[in-house]
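First the structure, in the form of structure tokens, and then the observations on it.
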Amino acid sequence: MAPVDEHVDILVIGAGPTGLGAAKRLNQIGGPSWLIIDSNETPGGLASTDVTPEGFLYDVGGHVIFSHYKYFDDCIDEALPKAEDWYTHQRISYVRCKKLWVPYPFQNNVSMLPKDDQVKCIDGMIDAALEARTAHTKPQNFDEWIVRMMGTGIADLFMRPYNYKVWAVPTTKMQCAWLGERVAAPDVKTCVKNVILNKTAGNWGPNATFRFPARDGTGGIWIAVANTLPKKNTRFGKEGEVSKVNAEAHTVTLKSGKTIGYKKLITTMAVDQLVEQMEDNELISLSKGLFYSSTHVIGVGIRGARPERIGDKCWLYFPEDDCPFYRATIFSNYSPYNQPDESVKLPTQYLANGSKPKSTDAKEGPYWSIMLEVSESSMKPVDHDNLLKDCIQGLINTEMIKPEDEIVSTYHRRFDHGYPTPSLEREGVLTKLLPKLQAMDIYSRGRFGSWRYEVGNQDHSFMLGVEAADHIINGAVELTLNYPDFVNGRQNTERRLVDGGQVFRNKATDKADAAGDAKIVDIEANKAGLANGTNGTLPTRERASSKAHSSSHTRKSSKSVK
């Protein structure tokens with residue numbers, strides 16, 4: 001074996017939520033040597049935040065903090081521990097349909113629609129309920145699931161067009177095993193009652209209440225989490241950029257030419273890109289069965305007080321074709337620090353209708369902002385050159401802004417890997433690809449590492465890393481990866497950062513623990529329990545205390561501002 005420049009027991013590639021989750025757990029457990037690397041100077045990955053030259057913040061997509069895991073809560077509370085670090089919001093979301101704002105979820109609030117559409121939706125729901133009582137087969141794709149659960153009225157008016165705008169593939173090409181808590185099934189009786197009484201349904205879903213950081217956007221959370229890790233174990237920027245993964249030699253080659261040897265590799269890079277770097281033709285061919293869409297994030301900064309028609313709305317859905325975006329987030333509502341202070345003087349770049357302003361002199365605010373998301377795929381192409389202009393026109397078409405509104409800042413960034421599509425072929429690929437990688441001591445985890453959108457939120461992603469580390473060291477079951485419905489259906493309180501969190505006992509280090517000098521000697525023996533006569537049974541142990549570090553953090557400037 002060729003010599004390496006550095007060797008660790010566990011190497012983590014990627015400093016997004018998943019990689020940081022793995023690193024956080026490895027640091028807490030103690031024992032195996034580890035290192036986390038990332039090609040970006042600033043941690044956060046797909047949960048980072050950009051800042052325009054004018055001072056408007058935009059997350060790289062619609063992110064809010066809600067959680068299924070106490071361990072996740074512990075870690076972000078440790079990183080940002082003060083009450084003033086956070087704002088808590090009640091979700092206020094609507095669907096734009098027929099020039100109306102229908103409260104989310106749409107399928108529970110058809111009472112807000114015109115009477116003809118109410119009739120179509122209720123008829124469809126009744127037909128679906130009758131069909132469901134006699135059906136002997138399960139839906140074979142997402143489209144069949146929609147019709148079975150909601151009927152053709154809601155399918156045609158909202159679910160089919162909206163989901164095509166989100167996923168950039170037709171609903172007939174998506175499976176339905178991923179749904180879980182993602183989509184609310186309507187209650188026919190409640191919907192009929194609300195139509196008769198002209199009422200709306202209440203909030204639904206795990207993110208009905210959510211948190212958002214006061215400063216630095218979502219990316220600030222992950223910068224703060226990274227700052228609780230020892231600096232000697234982190235390598236971000238050019239010195240952490242990977243060029244090749246050699247599975248046979250258990251080495252990673254960096255762009256600098258340096259090599260890092262490892263026993264186990266936790267990687268959060270997109271799995272299709274990982275196998276390309278491995279130059280494994282069999283796995284490359286297998287990964288071709290995975291489908292994904294790209295995401296364009298558009299930001300628009302506007303001079304003036306937030307209009308009453310916008311109010312305290314959080315995010316809004318757009319199924320119709322009068323705008324290219326599927327979702328709009330009133331990003332200035334999440335925190336007053338997401339836009340410049342009103343005392344800051346900015347020139348007007350142009351009016352929303354594209355015309356020149358009467359004056360280009362810099363003037364004071366106040367300011368507010370909108371963040372838009374547009375999907376793209378081979379089945380749904382996008383006019384890149386005109387997308388920003390088309391989005392601003394879409395905001396006018398949907399009465400979000402006025403033609404004469406003053407645009408003072410714009411932002412546009414495209415993410416090649418935006419959404420991991422739960423396509424019909426997905427499970428057939430993943431059930432082969434992930435085990436083949438794991439047999440090579442490579443644990444591919446995260447939003448695109450394990451390609452499971454149903455566990456792709458920030459809390460899920462973080463815990464995918466945590467549980468991968470626990471699996472490697474302690475043989476623990478990776479619940480989030482393997483049992484999405486289970487973790488999504490409960491509060492997962494077994495792990496805690498301080499008390500009782502070290503659930504799995506490390507028998508390889510009992511004597512060292514007693515001597516106050518814990519150190520894992522052999523990862524493989526510990527995982528199997530063979531060196532200690534445990535016959536592979538899962539041991540238990542109280543959790544070690546966490547080592548806290550400072551959590552100062554700064555904003556990341558965007559290089560993609562137009």
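The values are calculated or read from the model by the stated rules, or taken from the named source; none is laboratory data. This one's a predicted model, so the numbers in the text were calculated from it and none came from an experiment. Here Cβ is always computed from backbone atoms with ideal geometry, including for glycine, and neighbour counts include all displayed protein chains. Note: areas computed on protein heavy atoms with side chains; ligands, DNA, RNA excluded. Shrake-Rupley method; radii C 1.70, N 1.55, O 1.52, S 1.80 Å.
The table for this structure:
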read-out	value
Fraction of antiparallel bridges per DSSP, the chain only, in percent to nearest 5	70
Packing rank of 78-85, 23-30, where each peptide gets the mean count of other beta carbons within 10 Å, highest leading	23-30, 78-85
Length-normalised contact order of the stretch 98-228 in % [C-alpha pairs under 8 Å, at least 6 apart]	31
Stretch gain in nm, segment residue 258-residue 82, where the contour uses 0.36 nm per residue and the Cα spacing is subtracted	59.3 nm
Percent RCO, i.e. relative contact order, over the stretch 374-503, from Cα pairs under 8 Å lying at least 6 residues apart	12
Taking the C-alpha atoms of the stretch 293-417, convex hull volume expressed per residue in Å³	106
9 Å beta-carbon shell around residue 478, net charge (K/R +1, D/E -1)	-1
Cα-based Kirkwood hydrodynamic radius, the stretch 128-190, one decimal, Å	12.1
Two-decimal ratio, the stretch 93-197, of alpha-carbon radius of gyration to 2.2 N^0.38 Å	1.03
1.4 Å probe accessible area per residue over the stretch 93-197, in Å²	47
Note, ³J(HN,Hα) from phi for the stretch 408-424, Karplus 6.51, -1.76, 1.60, rounded to Hz, x at Gly and Pro	10, 7, 9, 8, 8, 9, 10, 10, 4, 9, x, 10, x, 6, x, 6, 4
Cross-link pairs beyond the 23 Å C-alpha cut-off, checked among 115/165; 98/120; 70/231; 165/189	115/165; 70/231; 165/189
Rounded accessible area of residue 196 (nearest 10 Å², 1.4 Å probe)	130
In degrees, nearest ten, helix 387-397 long axis to first principal axis of the chain (Cα)	50
Mean ellipticity per residue at 222 nm, deg cm²/dmol - from DSSP H runs of n ≥ 4 across the chain, formula -39500 (n - 2.57)	-8500 deg cm²/dmol
Alpha carbon convex hull of the stretch 356-441, volume per residue in cubic angstrom	185
Folded to 0 to 90 degrees: helix 217-226 orientation relative to the chain principal axis, Cα	10
With every protein chain in place, the chain: carbon and sulfur % of accessible area (1.4 Å)	50
Restricting the stretch 307-410 to trypsin sites (Lys or Arg not before Pro) in coil, as DSSP defines it, with at most 16 other Cβ within 10 Å	309, 345, 358
D (Stokes-Einstein, µm²/s), Kirkwood Cα radius, the stretch 1-156, 1.567 mPa s at 4 °C	62
Sparse-neighbourhood loop sites, GluC sites (Glu not before Pro) in the stretch 243-324 - DSSP loop, at most 12 other Cβ within 10 angstrom	248, 279, 308
Relative contact order (percent, whole number), the chain, Cα cutoff 8 Å, 6+ residue spacing	24
4 °C / 1.567 mPa s Stokes-Einstein diffusion coefficient of the chain, Kirkwood radius on C-alpha pairs, µm²/s	51
Cα-based helix-to-principal-axis angle, 458-474 vs the chain, degrees rounded to 10	10
Local electrostatic count, residue 289, Cβ distance below 11 Å [Lys/Arg +1, Asp/Glu -1]	0
